[in-house]
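Q: Could you have a look at this structure, given as structure tokens, before my questions?
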């Protein structure tokens with residue numbers, strides 16, 4: 001008979017004496033993102049981008065135009081920070097920003113031709129990092145990872161609302 005693995009969730013709870021940083025998902029996620037950013041940042045800098053620009057380009061690459069608030073929500077950063085990023089990107093010629101035709105209070109952002117070119121360059125620059133990072137994950141593992149990350153994100157969103 002196969003022995004069931006012990007429930008190690010308690011080891012990730014910083015409120016317990018059993019806490020182990022190596023079982024704390026948020027430490028592990030932060031460590032992963034820090035390493036990822038450290039790897040892609042020089043690749044992005046080589047093509048004249050930074051990580052905030054890359055995030056916005058990725059989001060707009062899926063749907064453009066989008067409102068600044070929608071961009072901020074998608075990137076999970078404060079609206080004021082996103083506004084500054086968009087202003088810098090507009091100055092760099094990567095995006096155009098202007099009032100929405102439906103609601104002049106909403107600023108819409110769309111990729112320019114230069115922004116689309118930079119997005120393609122950034123995708124090419126970061127694709128090898130992505131491939132190397134998911135190497136060894138089965139399709140099932142990958143789908144499960146994405147599902148778990150989405151669930152954790154949703155759980156945190158639920159807490160932010162309460």
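Read the figures in this text as sums done on the coordinates, not as results from a lab. Because the structure is predicted, anything quoted here is derived from the model rather than measured. Heads up, the Cβs are rebuilt from the backbone with ideal geometry, glycines too, and the neighbour counts pull from every protein chain shown.
Q: Where Rh is the Kirkwood radius over the Cα pairs of the range 1-92, the temperature 20 °C and the viscosity 1.002 mPa s, what D in µm²/s does Stokes-Einstein return? Display every interim value, and only then the final one.
A: On the way: Rh = 16.2 Å.
Estimated via Stokes-Einstein, D reaches 132 µm²/s.
Q: Follow-up. On each of the three principal axes of the Cα atoms of the range 73-142, give max minus min coordinate, whole Å, ordered largest first.
A: 48, 24, 21
Q: While we're looking at this one, here's another question. To the nearest 500 deg cm²/dmol, what mean residue ellipticity at 222 nm is calculated for the chain from DSSP H runs of n ≥ 4 alone, each contributing -39,500 (n - 2.57), summed and divided by the residues?
A: The helix-only estimate for the chain comes to -20500 deg cm²/dmol at 222 nm.
Q: Once both labels are modelled 7 Å past Cα along the beta-carbon direction, what's the residue 151-residue 75 spacing in nm?
A: 3.0 nm
Q: Going by alpha carbons, how many degrees (0 to 90, nearest 10) lie between the helix axis of 79-91 and the longest principal axis of the chain?
A: Tilt of helix 79-91: around 50 degrees.
Q: Measure nothing fancy, just the Cα-based angle from helix 25-45's long axis to the longest principal axis of the chain, in degrees from 0 to 90, nearest 10.
A: 40 degrees
Q: Identify which of 151, 55, 66 has the largest mean-square fluctuation in a Gaussian network model of the chain, with springs joining Cα atoms closer than 10 Å.
A: Of 151, 55, 66, the most mobile in the Gaussian network model is 151.
Q: How tilted is helix 51-62 with respect to the longest principal axis of the chain? Cα atoms for both, answer in degrees (0 to 90, nearest 10).
A: 80 degrees
Q: Which of these values of P(r) over Cα pairs in 10 Å bins from 0, in percent was calculated from the structure shown: (1) 11, 36, 29, 15, 6, 2, 0; (2) 10, 33, 35, 17, 4, 1, 0; (3) 9, 28, 32, 20, 8, 2, 0?
A: (3)
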